[in-house]
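Written below as structure tokens is the structure these notes are about.
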Amino acid sequence: MPPISNNTEIFFHVGLGRAASTYLQYRLFPTLKGVKYIQRTRFHSLSKIIARSPENRYLVSREAGRRIESRLRECASYAPHGKVILVLRRHDQWIASHYRRYLKNGGSLPFEQFMDLTSSSPVLWGKDNLHYMQIISLAQRYFNSTPLVLFQEELQSNPNSFIKRLTSYTGTSCNHENIDLSPVHQSYSSKRLKVARYVGGLLFSATPLAHPHPAIHRAQRRVKLMFCHLILAFAHLIPEFLVGTDPLIPEVHLRRIREETLSDWNQCVEFASSNSPTSDPISLI
């Protein structure tokens, strides 16, 4: 995709995944007036869309998880003059959401192995994946502007303040009363996910590798997800006593994540407050 002209004003929503991204993409961004919104599925057609459109202001969604640096670098290669929107979520809740998705999609590791705080070479997620200030620094390095940092917690506790920051930063407007604040996806119950974890351990690899051929990888993934959906659909039939009462994600592990990331979280809140486009105090749950 060729570079985008400096005369085109463009905003990149670059994550994080599992931090209200789907809600923003389908409920909030399309309601903004004063900017043309381009869905994440049309990202690679961005140059063609801009070339054919009379507008000169765009908002593009390009969420990311562990690959956020490559996403930032990719967006900056097209428009280093663009502005970045980062939506963060408290570290423990963010990684817990990723874990639930992992189980829903056939994973079977217990949480303490999925999010390994002790190993220098974790199997999936490790301590290095929990440095949000590094992400903010990367956004500042790749782009010639200060990113807008928002929080999922504020979207939940004070959506009007969240939306006001977003519209002030992007120079847009929206009708708050017409915005649907209900969640886009409801999480599966812990019982169903524990069943999925057990059955997934029997059927699938806990750390699957992508097939090198993209078409085969997509086909394999579709078949696997079909089985995963069937497992979850029938999981509610399993009696509670067979599943057990142990928590899906032990609180002791979440507490440790909160403690180890508290400084990083506080720095993010301070950065967001110091660089907020409005004077409203940030209110988090």
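Descriptive notes on the structure:
- Evaluated against (1) surrounded by 11 or more Cβ atoms within 10 Å (Cβ to Cβ); (2) over 27 Å from residue 25 (Cβ atoms); (3) at pLDDT below 95, residue 258 falls short on exactly one condition, (3).
- Flag for residue 87 being over 25 Å from residue 259 (Cβ atoms) and buried (at least 17 other Cβ atoms within 10 Å of the Cβ): no
- Boolean, residue 175 is over 20 Å from residue 152 (Cβ atoms) and surrounded by fewer than 14 Cβ atoms within 10 Å (Cβ to Cβ): yes
- Meets criteria (surrounded by fewer than 22 Cβ atoms within 10 Å (Cβ to Cβ) and either free of Cβ contacts under 8 Å to residues at least 24 places away in the same chain or within 26 Å of residue 284 (Cβ to Cβ) (or both)) for residue 73: no
- The stretch 200-241 - residue that is touching a residue at least 60 places away in the same chain (Cβ under 8 Å) and not in a helix (DSSP H, G or I) and, of those, farthest from the chain's Cα centre (by Cα): 204
- Residue check, residue 195 within 27 Å of residue 277 (Cβ to Cβ), touching a residue at least 40 places away in the same chain (Cβ under 8 Å) and touching a helix residue (DSSP H, G or I) at 6+ places or on another chain (Cβ under 7 Å): no
- Scanning the stretch 250-264 for any residue that is assigned to a loop (DSSP other than H, G, I, E, B), in contact with a Ser or Thr (Cβ under 7 Å, 6 or more places away or on another chain) and either in contact (Cβ under 8 Å) with a residue 60 or more places away in the chain or not charged (D, E, K, R) (or both) turns up nothing.
- Test: residue in the stretch 32-44 that is surrounded by 16 or more Cβ atoms within 10 Å (Cβ to Cβ) and touching a residue at least 60 places away in the same chain (Cβ under 8 Å): yes
- Among the residues listed as 18, 40, the single one being within 11 Å of the chain's Cα centre (by Cα) and over 19 Å from residue 160 (Cβ atoms): 18
For every residue, the table says whether it meets (1) hydrophobic (A, V, I, L, M, F, W, C); (2) outside any helix (DSSP H, G or I).
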{"site": "51", "(1), (2)": "yes, no"}
{"site": "55", "(1), (2)": "no, yes"}
{"site": "59", "(1), (2)": "yes, yes"}
{"site": "63", "(1), (2)": "no, yes"}
{"site": "76", "(1), (2)": "yes, no"}
{"site": "99", "(1), (2)": "no, no"}
{"site": "112", "(1), (2)": "no, no"}
{"site": "121", "(1), (2)": "no, yes"}
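- Inside the stretch 265-280, residues that are exposed (fewer than 10 other Cβ atoms within 10 Å of the Cβ) and in contact (Cβ under 8 Å) with a residue 12 or more places away in the chain make up a count of 0.
The values are calculated or read from the model by the stated rules, or taken from the named source; none is laboratory data. What you see is a predicted model; the values in this text were computed from it and never measured. When we count neighbours, we look across all protein chains shown, and the Cβ atoms used for this are built from the backbone with ideal geometry, even at glycine.
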